[in-house]
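Colleague: A single structure is presented below for examination.
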Amino acid sequence: MCLACGKWFSINRKRSTDFKPKDLANLHLNGVSFRKIADECRMSAPTVFRKVNEYLSHLPTNADITRAYCSRFSGILVLDGKYIPIRNYRYHIPLIWGVDYLTHDIPHFKLAPSENYQSSIVYFQTLRLLNYPLQCLVVDDNVNFKMAALRIYPKVVIQTCTNHFKENVRRNLKVRSDEKYRPFMDKIEFIFSRKRSIQEYEKLARTLYQSWKYDELACGVLAEMSKREGEFLAYLRVPRSPQTTNLIESYNSHLNSRLTSLKSFETFESARIWLNGYILKRRLTKLRGCAGQFKKLNGYPPLFQTLQDNLSLPNFF
């Protein structure tokens with residue numbers, strides 16, 4: 001019924017031949033809902049859903065694309081897990097994926113039952129088979145990722161995200177509700193506010209210890225910082241590597257906004273197929289908004305940064 005005039009009408013569902021399955025998949029991965037695509041293309045929503053799924057299921061995997069076309073990775077991998085809702089699963093399922101820091105490309109992903117050691121091993125084994133030259137792994141405090149990376153890449157340098165460490169300290173000291181440790185937390189924030197040399201890091205930590213040496217909780221934090229100094233300052237051993245996982249967090253944020261409209265996937269396999277198409281689409285989408293040392297990446301798809309010389313990609317989207 002038309003809300004303006006009160007008359008009834010029916011939608012013309014006559015199929016349009018102007019839209020191919022690739023076009024429908026492209027629209028959907030760009031964030032357009034199945035219902036809206038159906039209205040624009042004069043198709044039923046179930047037909048659009050079926051055509052998009054069929055097209056996505058026939059796409060090559062991202063691992064195959066990396067193996068066949070890519071070789072110019074920096075070897076600095078920013079890794080994280082993003083939990084995906086799937087119907088009939090009690091808990092959300094983690095998507096393990098990483099971004100090559102200097103190229104912003106995504107060499108591989110894995111949808112796994114959990115972020116356990118076995119799943120992490122499989123992820124890094126596949127990464128090794130793809131000839132990814134892992135030098136530095138930037139990751140949060142997930143011990144399974146770290147152990148698996150060292151098992152497959154014994155010489156890899158592990159950089160623990162300083163933002164995650166600071167958040168753990170805030171939570172343990174309850175600085176948001178208790179003012180007692182806020183001055184201490186401000187000093188911790190200052191120490192990790194930028195990249196520092198070992199000498200500067202240790203000097204600032206010693207100065208802070210002199211002010212808080214009679215407080216057990218504060219001394220515990222400083223002891224942890226001393227014990228894990230190598231993880232927090234790993235960027236000194238691999239030039240141009242970051243000290244945080246901010247890059248993959250921004251990718252997680254974009255994916256989360258896209259998943260909000262989808263709500264959940266019907267099956268594990270449908271989630272894997274959709275994520276494969278989504279990540280491939282992201283690898284082939286021109287970057288915008290990169291600043292600083294990454295400004296030169298603007299206007300180019302991430303996959304083109306790692307593409308082997310004299311190779312051209314098929315037109316997937």
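Colleague: Convex hull over the Cα atoms of the chain, averaged projected area in nm²?
Modeller: Working: hull surface 88.1 nm².
Projected area, direction-averaged: 22.0 nm².
Colleague: At most 14 other Cβ atoms within 10 Å and a DSSP loop assignment: could you name the chymotrypsin sites (Phe, Trp or Tyr not before Pro) in segment 206-282 that fit? Mind dumping the intermediate values first?
Modeller: Details: sites: Y209, W212, Y214, F232, Y235, Y251, F265, F268, W274, Y278; in loops: Y214.
Counting only loop positions with at most 14 other Cβ atoms within 10 Å, the chymotrypsin sites (Phe, Trp or Tyr not before Pro) in segment 206-282 are Y214.
Colleague: Also: Calculate the FRET efficiency for K22 and Q210 from the Cβ-Cβ distance with a Förster distance of 51 Å, rounded to the nearest 0.05.
Modeller: Once the sixth-power term is evaluated, E becomes 0.20.
Colleague: Moving on. Taking 0.36 nm per residue of separation and subtracting the Cα-Cα distance, what length does fully extending K7 through F268 add?
Modeller: Working: separation 261, 0.36 × 261 = 93.96 nm, distance 4.40 nm.
Here the answer is 89.6 nm.
Colleague: Right, another one. What is the spin-label model distance, in nm, from N246 to S44 if the labels are put 7 Å beyond Cα along the C-beta direction?
Modeller: 5.0 nm
Colleague: Compute the Cα gyration tensor for segment 135-209, then decide on rounded, prolate or oblate, letting a ≥ b ≥ c be the square roots of its eigenvalues: rounded whenever a/c is under 1.5, prolate when a/b is larger than b/c in the other cases, and oblate in all that remain.
Modeller: It is oblate, given that a/c is not under 1.5 and a/b is not larger than b/c.
Colleague: What does DSSP give for the chain in terms of the percent of beta bridges that are antiparallel, rounded to the nearest 5?
Modeller: Among the beta bridges of the chain, antiparallel pairing accounts for roughly 60 percent.
Colleague: Please compute the net charge surrounding L150, taking Lys and Arg as +1 and Asp and Glu as -1 over other residues with Cβ under 13 Å from its Cβ.
Modeller: Value of the local net charge: +3.
Colleague: Please identify the GluC sites (Glu not before Pro) of segment 192-242 that satisfy two criteria: DSSP loop assignment and at most 15 other Cβ atoms within 10 Å. Which are they?
Modeller: Answer in residue order: no site qualifies.
Colleague: Among the trypsin sites (Lys or Arg not before Pro) in segment 236-298, which ones are in a DSSP loop with at most 14 other Cβ atoms within 10 Å of the Cβ? Mind listing them?
Modeller: For trypsin sites (Lys or Arg not before Pro) across segment 236-298 that sit outside H, G, I, E and B with at most 14 neighbouring Cβ atoms in 10 Å, the list reads R237, R240, K263, K286, R288.
Colleague: Classify segment 85-212 as rounded, prolate or oblate from the Cα gyration tensor: take a ≥ b ≥ c as the square roots of its eigenvalues, call it rounded if a/c is under 1.5, otherwise prolate when a/b beats b/c and oblate if not. List each step's numbers first, then the result.
Modeller: Values: a/c = 2.84, a/b = 1.60, b/c = 1.78.
Oblate is the answer for segment 85-212, as a/c is 1.5 or above yet b/c matches or exceeds a/b.
Colleague: From the cross-link list K195/K227; K82/K166; K110/K286; K227/K296; K36/K281, which pairs have alpha carbons spaced over 26 Å apart?
Modeller: Cα-Cα > 26 Å for K227/K296; rest within.
Just so you know, all these numbers are worked out from the coordinates, no wet-lab data involved. What you see is a predicted model; the values in this text were computed from it and never measured. Cβ: placed from backbone, ideal geometry, glycine included. Neighbour counts: every protein chain shown.
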